[in-house]
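Participant: Sharing a structure here in structure tokens format.
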Amino acid sequence: MTGLEDHEGDLAAALAKIGRTAMFAELVAQRWSGESVQVDSKTTTLSARPRLQGVVFRAWAGGHWQEAAASALAGAELESSVTRLASELARASGGPAPPGAPSTSRGEWKTQPRRALRDLGAEGTISLAKQCRDWALAVPGIGETQVRLSWDEEQRLYLNTAGARCYQAITRTHGLVVPIAMEGGRPEFDYWNAGGVGGLEVLGTLDEATVRGVAEGSKAMLAAKAPPAGAMDVLLDPSVGGLFAHESFGHGTEADQFVRDRSYLKPILGQQVGPESLTLVDDGSRVGAWGSIYCDDEGHQSQRTVLVDRGRFVGALHDRETAALLHATPTGNTRRADFLSRAFVRMTNTFVEPGDRSFEELISEVDRGVLLEHGTSGIEDPLGGQMQLKVKKGHRIEHGKLTDLVGSMALSGKVLDFLREIKGVGTKEGFVINPGFCGKGHSDYVPAGTGGVYLLSHAIVGTA
Amino acid sequence: MTSGGTSSDLAFRLAERIRAEPPWEVIGERARRYEVHFRGHEVELERGPLAVEGFGIRVLRRHGEATGTGFQASTDLSPEGLAAAVGDAETISRHAEFPAPSVELPDDGQAPPEVPLVDPKLWRDPTESLRAYVSALLAPFAGRAGVVPTFGSVRATLSEVTIANSSGLRVGFNGTNVDLEVAVKAFGGPEGTAPGEYWVTDEARRLAPERFPAAVDAWCRYAADVRRAKQPPTGELPVILPPDVLEGILPAGLGFRLSGVARLRKLAPTVGTQIGGENISLTDDGTYPWGAGSAPYDDEGLPRLRRTLVERGKVVGHLYDSLYGAAFKVPSTANAARSAVGPSMDLKFAHAPVPALSTLLLAPGSGGSLAELCEAAGEGILVQQLGWARPDAFTGAFGGEIRIGYRVRGGKIAEPVRGGTVGGTMFAAPGLPSLLASAVEIGDEPSLTGRLVSPAVLVRPLSVAGATA
């Protein structure tokens, strides 16, 4: 399979053909490569990223957007797709101009890992994964361990009829270690998870001490008590704080929800919503972070966008259409999951900026509450302003001290109430951006980083 | 050649050109997707055709007492593309290890069951069918005061799947799939009352516009009830879970733990283990008409089966494909599935098979209708919609936020509740509460939702966390 650049002439010609029947047209072509290794006590699995490629065309049909896609970058299949799109566009001639101004950016970007995982080769990566597995299995009581190491390079080419051309090749590296402890047929686990844009350097400290520590954590989960239930003080660790940032002011500030009149945040733009110690950011340009991109799928370069500035709700995430409708500028957040998926306003890396309270100070303020650790998932409610955050484990906090380890929990609450109740934001110690995937609704998953620092507030928690 | 009915022959053509040593298999897929996205009553975006044609090839190579499997997928159908994918698969197989010395792929001898999977009208004219479907969906909203659809989409995928292997198997089938998403907003009335939303998602095999008038009535009612809902109480309470909610819990919670994948890692309950009450019987039915997980064949080309997994609360079977079956020296149960949740396209050809549930059936019980289950509950909670409640695959812990539910008082559905959490565990040691052990009443009105056919269930108790004790 040849590279995207080998087909740029065919793609540009196809775009020009569509452009003859539309006021504006653009394309995103995509190609992947990569490798994943997964080992456990029974199996070794090596997977190559499928040799997939494709292109999606979007054109303005006078009153709405029209799209077509093909998994061929040249030849009859591409021609057929273009012809059918042009035919649909011809039926919809006339109408207003497309909303907003098109990008005219031109550029090329490519991740340069300091130490690429791919350079280890399959044997080297398998050897590293087995080493991690064996460190975990050496801990008494650990019956099984799964280790996964992967890298992935995605090339995207954006072209439009206004002259924009953006080519990017992003390399992401990811690692996961899950030691599983068993007792009386009951499995329990803790995990280590890291990833980012780059090579092995984004995995941080994947060493014996780290793996053994996670394995000990898995064993400890067997003795975890039931979590408390009800409304109480909640201290979110940085991973859970990141989920909070993502589900609360992340999804709520995707401005397509404003345009749909489906955001509880729209009426309070500009208002003070939390303490001065709270600043929330989406930053697609953050070097090395998992959700970073060089440019978005409308040809706008990624950027840092402050959503909440010292407690004041100041910004939203925009594509060209929402920017035009709401008198803003595009923020580089238009993303497609792949060439078969539509473009939406999406987050990149969303996080809580460090505050000024140490972990010890935050703990000492809690009389009765719970520390929520290892966020696993979240779900938003853009109109109602509720949020659900799920975590793998936690500790009770009693009279200013950490006490019992407790099992998995869900946090539920109204975002604005949660913000009002914030009692402290942690310092940069422990700041982290975790790798994850974000869906728009329940599909269209894109890499999204979430992170931040410790955050103390008040909410409902219960078993989950 | 056996075929469940497909208009494609992609895998068959590729099979003629494969020059690899057996055993190998190839899956071909031609998929077309069409979508209509709307904002309010206006079309925002029309998409389609989104056309993909590709294949995935798997080779299985013996390494002493183990097998090395190598898989690669590609959209490059040229001879060079096929050769490159075969080369990748061979390379990968040299590094892989699976504890089965010999794996037999299915041959071409068994007739498939009749499983309806294709919406003929959608297949014939997808663009106009979707436009008409969206019109039928939006029509019942017209003229309603204080309630609107804020946005939504209908996505239809038309797929032609073919499978061939070195044992001579040549099978294929077509299918349609429809994903619906609608956000319904209730608003207006007394100043200061926040709007409410009911968010609908579902997966089906066919367009069913006849359901919309009644369904839209219900969605509008739930959206309005969100506005006046209060938080639930905290406590261990009887909870009624309807099929829509169970669809997010049961298949995900059971699929892994009852699979050969879990058994190989000693994470599966063994045959004979009591994992639920005597009223719990679960069947995997890959032949269930219009089930999202149903098909004439599994994704290795074996005719789909109907098999009991749990009978009167006891495990009686596990799920295998050819590979995991070989590890235990048992035949495949026709549960090979190729799909993924994540960032890549959800196309069969791009994934190697693993054992998974097809369509899961929870046998009806004697609990009667939803109203009768509420009567049996006395005082409790009826959950209409939960947030992401998907169980942890290893531990079975599940739970989520109540998006909309109702207090049950004196055996009757009472005021709406929202917020707080409902959760518990799928499995527990004998004598301890769990969803499967504490499902005291199973309803008798099953319905198909995505990959689950189930009646509503009364669980006594589940943990509910709200604002007050």
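The values are calculated or read from the model by the stated rules, or taken from the named source; none is laboratory data. A quick note: this is a predicted structure, and the numbers were derived from the prediction, not measured. Here Cβ is always computed from backbone atoms with ideal geometry, including for glycine, and neighbour counts include all displayed protein chains.
Participant: Only residues that are under 19 Å from A:Gly95 (Cα atoms) and not in a helix (DSSP H, G or I): list them for the stretch A:10-31, please. Before you say what the answer is, go through the steps one by one.
Facilitator: From the stretch A:10-31, those under 19 Å from A:Gly95 (Cα atoms) are A:18-26; that's our starting set.
Of everything in the stretch A:10-31, those that are under 19 Å from A:Gly95 (Cα atoms) and not in a helix (DSSP H, G or I) turn out to be A:Arg20, A:Thr21, A:Ala22, A:Met23, A:Phe24, A:Ala25, A:Glu26.
Participant: Something else now. I need the strands (runs of 3 or more DSSP E) fully contained in the stretch B:373-431, keeping only those with at least 1 residues that are without any contact (Cβ under 8 Å) to a residue 60 or more places away in the chain and either surrounded by 24 or more Cβ atoms within 10 Å (Cβ to Cβ) or not hydrophobic (A, V, I, L, M, F, W, C) (or both). Spell out how you get there, then give the answer.
Facilitator: Working: elements: B:380-386, B:397-409, B:412-417, B:421-425.
Output list reads B:397-409, B:412-417, B:421-425.
Results for (1) away from chain A (no Cβ under 14 Å); (2) within 20 Å of the chain's Cα centre (by Cα); (3) without any contact (Cβ under 8 Å) to a residue 40 or more places away in the chain, shown as yes or no for each residue.
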residue: B:Tyr222; (1), (2), (3): no, no, no
residue: B:Pro233; (1), (2), (3): no, no, no
residue: B:Glu247; (1), (2), (3): no, yes, no
residue: B:Asp299; (1), (2), (3): yes, yes, no
residue: B:Arg307; (1), (2), (3): yes, yes, yes
residue: B:Val315; (1), (2), (3): no, no, no
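Participant: Moving on. Could you say which residue among A:Thr331, A:Thr350 is buried (at least 24 other Cβ atoms within 10 Å of the Cβ), outside any strand (DSSP E or B) and among the hydroxyl-bearing types (Ser, Thr, Tyr)?
Facilitator: Details: A:Thr350 fails: outside any strand (DSSP E or B).
None of the other options fit; the residue is A:Thr331.
Participant: Let me ask you something else. Could you pull out the residue among A:Arg312, A:Arg335 that is touching a Lys or Arg at 6+ places or on another chain (Cβ under 9 Å) and basic (Lys, Arg)?
Facilitator: Working: A:Arg312 fails: touching a Lys or Arg at 6+ places or on another chain (Cβ under 9 Å).
Of the residues listed, the single one that is touching a Lys or Arg at 6+ places or on another chain (Cβ under 9 Å) and basic (Lys, Arg) is A:Arg335.
Participant: Quick check, is A:Ala68 part of a loop (DSSP other than H, G, I, E, B), at the interface with chain B (Cβ under 9 Å from one of its Cβ atoms) and buried (at least 21 other Cβ atoms within 10 Å of the Cβ)?
Facilitator: Working: part of a loop (DSSP other than H, G, I, E, B): no; at the interface with chain B (Cβ under 9 Å from one of its Cβ atoms): yes; buried (at least 21 other Cβ atoms within 10 Å of the Cβ): yes.
Criteria not met by A:Ala68.
Participant: Checking A:Ser412 against (1) farther than 19 Å from A:Lys440 by Cβ; (2) under 20 Å from the mean Cα position of the chain (by Cα); (3) within 12 Å of another protein chain (Cβ to nearest Cβ); (4) not basic (Lys, Arg), which test does it fail?
Facilitator: Tallying (1) farther than 19 Å from A:Lys440 by Cβ; (2) under 20 Å from the mean Cα position of the chain (by Cα); (3) within 12 Å of another protein chain (Cβ to nearest Cβ); (4) not basic (Lys, Arg), A:Ser412 fails exactly one: (2).
Participant: Might you let me know whether the stretch A:246-259 holds any residue that is touching a Gly at 6+ places or on another chain (Cβ under 8 Å) and free of Cβ contacts under 8 Å to residues at least 24 places away in the same chain?
Facilitator: No, there is no match, as no residue in the stretch A:246-259 is touching a Gly at 6+ places or on another chain (Cβ under 8 Å) and free of Cβ contacts under 8 Å to residues at least 24 places away in the same chain.
Participant: Also, quick follow-up: Among the residues of the stretch A:307-314, are any part of a strand (DSSP E or B), in contact with an Asp or Glu (Cβ under 9 Å, 6 or more places away or on another chain), closer than 29 Å to A:Ala59 by Cα and at pLDDT 95 or above?
Facilitator: no
Participant: Which ones in the stretch A:14-43 are among the charged types (D, E, K, R), surrounded by fewer than 18 Cβ atoms within 10 Å (Cβ to Cβ) and over 30 Å from A:Arg148 (Cα atoms)? Write out each step before concluding.
Facilitator: Filtering the stretch A:14-43 for residues among the charged types (D, E, K, R) gives A:17, A:20, A:26, A:31, A:35, A:40, A:42.
Now drop any that are not surrounded by fewer than 18 Cβ atoms within 10 Å (Cβ to Cβ), which leaves A:17, A:20, A:42.
Once the filter is applied, which keeps residues that are among the charged types (D, E, K, R), surrounded by fewer than 18 Cβ atoms within 10 Å (Cβ to Cβ) and over 30 Å from A:Arg148 (Cα atoms), the stretch A:14-43 yields A:Lys17, A:Arg20.
Participant: Okay, next question. Scan the stretch A:224-243 and give yes if some residue there is closer than 21 Å to A:Thr331 by Cα, more than 12 Å from chain B (Cβ to nearest Cβ) and under 15 Å from the mean Cα position of the chain (by Cα), otherwise no.
Facilitator: Checked against the condition, which is being closer than 21 Å to A:Thr331 by Cα, more than 12 Å from chain B (Cβ to nearest Cβ) and under 15 Å from the mean Cα position of the chain (by Cα), the stretch A:224-243 yields at least one hit.
Participant: Under 9 Å between Cβ atoms, which residue pairs at least 6 apart in sequence (or on different chains) link something in the stretch B:193-219 that is under 19 Å from B:Glu247 (Cβ atoms) with a partner that is charged (D, E, K, R) and surrounded by fewer than 18 Cβ atoms within 10 Å (Cβ to Cβ)?
Facilitator: Going by the 9 Å Cβ cut-off, the qualifying pairs are B:Tyr198/B:Arg221; B:Arg206/B:Lys121.
Participant: May I ask you to verify whether A:Asp417 is outside any strand (DSSP E or B) and within 13 Å of chain B (Cβ to nearest Cβ)?
Facilitator: Details: outside any strand (DSSP E or B): yes; within 13 Å of chain B (Cβ to nearest Cβ): yes.
Considered against the rule, which asks whether it is outside any strand (DSSP E or B) and within 13 Å of chain B (Cβ to nearest Cβ), A:Asp417 comes out as yes.
Participant: Which numbered condition trips up A:Thr83, out of (1) assigned by TED's automatic domain parsing to the domain that holds A:Gln30; (2) under 22 Å from A:Asp6 (Cβ atoms); (3) not hydrophobic (A, V, I, L, M, F, W, C)?
Facilitator: (2)
Participant: Before we move on, is A:Ala255 crowded, with 24+ Cβ neighbours inside 10 Å and outside the structural domain of A:Asp417 (by TED's automatic domain parsing)?
Facilitator: Numbers: crowded, with 24+ Cβ neighbours inside 10 Å: yes; outside the structural domain of A:Asp417 (by TED's automatic domain parsing): no.
When the stated conditions are applied, A:Ala255 does not pass them.
Participant: Does at least one position in the stretch A:91-104 carry a residue that is within 22 Å of A:Asp6 (Cβ to Cβ) and touching a residue at least 60 places away in the same chain (Cβ under 8 Å)?
Facilitator: Filtering the stretch A:91-104 down to residues within 22 Å of A:Asp6 (Cβ to Cβ) leaves none.
No, that holds for no residue.
Participant: Only one residue in B:Ile442, B:Ile413 is in contact with a Pro (Cβ under 9 Å, 6 or more places away or on another chain) and assigned by TED's automatic domain parsing to the domain that holds B:Leu267. Which one?
Facilitator: Values: B:Ile413 fails: in contact with a Pro (Cβ under 9 Å, 6 or more places away or on another chain).
Criteria check complete, one pass: B:Ile442.
So that you can scan it fast, the table gives a plain yes or no per residue for (1) in contact with a helix residue (DSSP H, G or I) (Cβ under 6 Å, 6 or more places away or on another chain); (2) within 13 Å of another protein chain (Cβ to nearest Cβ); (3) under 30 Å from B:Glu42 (Cα atoms):
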{"position": "A:Gly34", "(1), (2), (3)": "no, yes, no"}
{"position": "A:Ser47", "(1), (2), (3)": "no, yes, no"}
{"position": "A:Gly94", "(1), (2), (3)": "no, no, yes"}
{"position": "A:Glu108", "(1), (2), (3)": "no, no, no"}
{"position": "A:Pro113", "(1), (2), (3)": "no, no, no"}
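Participant: Going residue by residue through the stretch A:122-139, is there one that turns out to be among the charged types (D, E, K, R), buried (at least 19 other Cβ atoms within 10 Å of the Cβ) and modelled with pLDDT of 95 or more?
Facilitator: Keep residues of the stretch A:122-139 that are among the charged types (D, E, K, R), which gives A:123, A:130, A:133-134.
Among the residues that remain, those that are also buried (at least 19 other Cβ atoms within 10 Å of the Cβ) are: A:133.
Within this subset, residues satisfying the condition of being modelled with pLDDT of 95 or more are A:133.
Within the stretch A:122-139 (the criterion being among the charged types (D, E, K, R), buried (at least 19 other Cβ atoms within 10 Å of the Cβ) and modelled with pLDDT of 95 or more), the answer is yes, since at least one residue qualifies.
Participant: Looking at A:Leu46, A:Leu11, which one is at pLDDT 95 or above, of a type outside the set (S, T, N, Q), closer than 30 Å to A:Gln131 by Cα and surrounded by 18 or more Cβ atoms within 10 Å (Cβ to Cβ)?
Facilitator: Values: A:Leu11 fails: closer than 30 Å to A:Gln131 by Cα.
That would be A:Leu46, the only listed residue that is at pLDDT 95 or above, of a type outside the set (S, T, N, Q), closer than 30 Å to A:Gln131 by Cα and surrounded by 18 or more Cβ atoms within 10 Å (Cβ to Cβ).
Participant: Can you work out which of the residues in the stretch A:435-464 that are among the hydroxyl-bearing types (Ser, Thr, Tyr) and at the interface with chain B (Cβ under 10 Å from one of its Cβ atoms) is surrounded by the fewest Cβ atoms within 10 Å (Cβ to Cβ)?
Facilitator: Going through the qualifying residues, I end up with A:Ser443.
Participant: How many residues are over 23 Å from A:Ala162 (Cβ atoms) and modelled with pLDDT of 95 or more when one looks only at the stretch A:58-78?
Facilitator: Of all residues in the stretch A:58-78, those over 23 Å from A:Ala162 (Cβ atoms) come to A:71-72, A:74-77.
This time we only want the ones that are modelled with pLDDT of 95 or more, so: none.
Looking only at that region, the number is 0.
Participant: Checking the condition surrounded by fewer than 24 Cβ atoms within 10 Å (Cβ to Cβ), in contact with a Lys or Arg (Cβ under 9 Å, 6 or more places away or on another chain), modelled with pLDDT of 95 or more and in a helix (DSSP H, G or I), which residue from A:Glu201, A:Glu276, A:Glu216 passes?
Facilitator: A:Glu201
Participant: Next question, about the same structure. Scan B:Glu181, B:Glu128 and give me the residue that is farther than 22 Å from B:Arg304 by Cβ and in a helix (DSSP H, G or I). Show your work before the answer.
Facilitator: Numbers: B:Glu181 fails: in a helix (DSSP H, G or I).
Testing whether each residue is farther than 22 Å from B:Arg304 by Cβ and in a helix (DSSP H, G or I) leaves just B:Glu128.
Participant: State which residue is surrounded by the fewest Cβ atoms within 10 Å (Cβ to Cβ) when the search covers only the stretch B:32-76 and only residues that are more than 9 Å from chain A (Cβ to nearest Cβ) and within 30 Å of B:Ser153 (Cβ to Cβ).
Facilitator: B:His41
Participant: Please specify each residue of the stretch B:449-469 satisfying the condition of being assigned to a loop (DSSP other than H, G, I, E, B), modelled with pLDDT of 95 or more and over 14 Å from B:Cys374 (Cα atoms). Break it down stepwise before answering.
Facilitator: Step one: filter the stretch B:449-469 for residues assigned to a loop (DSSP other than H, G, I, E, B), giving B:450-451, B:455-456, B:466-467, B:469.
Of the ones still in play, those that are also modelled with pLDDT of 95 or more are B:455-456.
Correct list: empty.
Participant: Mind checking whether some residue in the stretch A:381-400 is assigned to a strand (DSSP E or B), more than 14 Å from every other protein chain (Cβ to nearest Cβ), hydrophobic (A, V, I, L, M, F, W, C) and under 30 Å from A:Asp190 (Cβ atoms)? Walk me through how you get there before you give the answer.
Facilitator: If we filter the stretch A:381-400 for residues that are assigned to a strand (DSSP E or B), which is where we start, we get A:386-398.
Checking which are more than 14 Å from every other protein chain (Cβ to nearest Cβ) leaves us with A:395-398.
From what's left, hydrophobic (A, V, I, L, M, F, W, C): A:397.
After this cut, where a residue has to be under 30 Å from A:Asp190 (Cβ atoms) as well, the list is A:397.
Yes: one or more hits.
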